[in-house]
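Report on the structure given below.
The values are calculated or read from the model by the stated rules, or taken from the named source; none is laboratory data. Note that the structure is a prediction, hence the values are computed from the model and not measured. Every residue, glycine as well, gets a Cβ built from its backbone with ideal geometry; the counts of neighbours run over all protein chains shown. When the accessible area is computed, the model is the full protein with side chains, heavy atoms only, and any ligands, DNA or RNA have been set aside. Shrake-Rupley method; radii C 1.70, N 1.55, O 1.52, S 1.80 Å.
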Amino acid sequence: RAGRLRGRGRHPLWRRPEEVSVIVLPLVVRGTSERRRLDKLFAAMHAIKRALQREARNRLRAYWAGTGRLQRDAGRWREELGLSRDHLERCAYRHLERSGWLLGHVSKALAMHQADEVWAGVERHLFGDGAGRRSGLPRIGGYWDYRRIAGRARSHTTGRKWETFRLF
């Protein structure tokens with residue numbers, strides 16, 4: 001038997017909504033200087049993501065290795081190791097400030113959104129779903145697989161909130 005079922009559900013099955021929050025736009029880069037600048041932006045964002053993933057993996061390995069502390073107080077142990085969204089965002093800021101070249105290509109807002117994206121994978125690993133299933137340890141992706149820069153769209157509910165960056 002594949003899974004435990006207690007009978008037919010009362011709610012309708014979930015379906016993907018027709019409107020999704022991902023906008024795919026063609027990007028036309030006309031010159032080699034513009035192309036180089038865009039390449040440097042993607043390279044910088046990938047460097048931040050790779051550093052954050054490496055940091056998160058090391059902290060997760062330490063988290064699971066400390067079985068005694070994990071059994072006593074898992075929340076405090078996570079806090080000590082810095083396994084939270086805020087700690088990961090501060091780690092992204094530190095990477096950005098300590099490097100000599102990243103601040104020329106990436107803003108702190110973009111680094112924060114990248115940290116939030118890395119945190120989503122860490123969260124799926126730490127806290128299981130309703131059935132108790134967890135995702136595996138987050139992996140460090142390769143450069144050629146990095147195709148999307150995490151960001152925030154313009155808020156339509158709150159005034160004076162804008163997107164992280166705008167291509168025009």
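Highest first, please rank the peptides 82-91, 142-151 by the mean number of other Cβ atoms sitting within 10 Å of their residues. Write down the numbers at each step before the final one.
On the way: 82-91: 17.3, 142-151: 11.5.
The packing order, highest mean first, is 82-91, 142-151.
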Tell me, what is the 1.4 Å probe accessible area of residue 123, in Å² to the nearest 10?
80
